[in-house]
Amino acid sequence: MPNTLVIHAHPRPGQSVVTQTLLEALTPLKHTAVRSLYALYPDFDIDVAAEQEALSRADLIVWLAPVHWYSVPALMKHWFDQVLTHGWAYGHGANALHGKTAWWVASAGGAEATYAPGGAHMRPFADYVAPIEHTARFCGMHWLPPFVVHGGHSCTTKQVDDARTALVQRLHHHLANMPARPAPEAQP
């Protein structure tokens with residue numbers, strides 16, 4: 001079973017329903033470590049060496065965060081900028097993340113219908129995935145389609161429980177079918 005690293009970023013975890021539920025579903029899984037960025041780095045002063053060491057031990061990296069302004073929360077974006085450095089994560093001779101798998105697990109406050117032409121966001125959710133996906137691919141990582149729970153601001157307890165069940169089922173399915181070291185993606 002691959003080693004899994006969950007990079008969790010929620011600026012107000014105590015107010016989170018969906019993201020907290022997803023974190024609780026991932027945390028007890030075997031061979032899984034969690035790094036909660038807002039707890040570790042409330043001042044945004046990231047320990048790059050510690051983060052890179054944690055990444056080096058992982059086969060599957062889960063970026064767990066709510067959707068903020070069509071992307072990830074500020075600290076996760078800062079984490080990308082600080083941790084995924086030239087010469088380590090990408091660039092000539094850099095292969096620290098090659099062959100690892102990245103998976104964006106997200107909660108979106110808006111219902112799925114709001115991410116459609118005519119909806120509040122006017123575009124499909126897939127249009128907002130590209131920057132996160134290409135961050136992974138640029139580092140030579142294999143990309144899994146994101147797992148998104150829509151309607152987080154109005155989710156019922158049943159919807160949250162269903163999301164937890166679906167996430168665990170998909171994660172278990174993925175882990176059971178994932179090669180120990182998948183072939184790396186082509187680096188641009």
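Only the coordinates and a few stated rules stand behind these numbers; no lab work does. Predicted model only: the values in this text are computed from it and were never measured. When we count neighbours, we look across all protein chains shown, and the Cβ atoms used for this are built from the backbone with ideal geometry, even at glycine.
Per residue, what volume in Å³ does the convex hull of the Cα atoms of the range 88-139 enclose?
It is 82 Å³ per residue.
Would you pull out the residues with amide H under 5 Å of residue 59's amide H, same chain only if 5 or more places away, H placed 1.01 Å from N?
3, 4, 5
Checking a compactness column here: for the range 4-177, what do you get for Rg(Cα) / (2.2 N^0.38 Å), N being the number of residues? Provide the component values of the computation, followed by the final result.
On the way: Rg = 15.7 Å, N = 174, 2.2 N^0.38 = 15.6 Å.
Its radius of gyration relative to the 2.2 N^0.38 Å reference: 1.01.
Just to verify a number: FRET efficiency for residue 69 and residue 24, C-beta to C-beta distance, R0 = 30 Å, to 0.05?
Details: r = 25 Å, r/R0 = 0.85.
Calculated value: 0.75.
What shape does the range 34-76 have by the C-alpha gyration tensor, where a ≥ b ≥ c are the square roots of the eigenvalues, rounded means a/c under 1.5, and otherwise prolate means a/b greater than b/c and oblate the rest?
Values: a/c = 2.42, a/b = 1.29, b/c = 1.88.
It is oblate, given that a/c is not under 1.5 and a/b is not larger than b/c.
To the nearest 0.05, how large is the calculated FRET efficiency for residue 3 and residue 126 if R₀ is 41 Å and r is the Cβ-Cβ distance? Working shown, then result.
Details: r = 29 Å, r/R0 = 0.70.
Calculated transfer efficiency: 0.90.
Would you calculate the separation in nanometres between label points at residue 57 and residue 39, each defined as 7 Å from the Cα along the Cα-to-beta-carbon direction?
1.6
For labels at residue 116 and residue 50 in the simple 7 Å Cα→Cβ model, what's the distance in nm?
Taking the two extended label points, one gets 4.4 nm.
List, largest first, the extents of the alpha carbons of the range 44-121 along their principal axes, each in whole Å.
45, 28, 21
Which of 80, 138, 44 has the fewest other C-beta atoms within 10 Å, and how do the rest follow up to the most?
Going from sparsest to densest Cβ surroundings: 44, 138, 80.
So which lysines pass the test for residue 77, namely a Cα distance under 25 Å, with those fewer than 8 places away in the same chain ruled out?
Those lysines meeting the cut-off are 100.
Using the 10 angstrom Cβ neighbour count as an exposure proxy, how do 77, 30 rank, fewest first?
Placing the least packed residue first, the sequence is 30, 77.
Using +1 on the beta carbon of Lys and Arg, -1 on that of Asp and Glu, and nothing else charged, what's the dipole of the range 4-177 about the Cα centre, debye to 20?
Dipole about the Cα centre, nearest 20: 300 debye.
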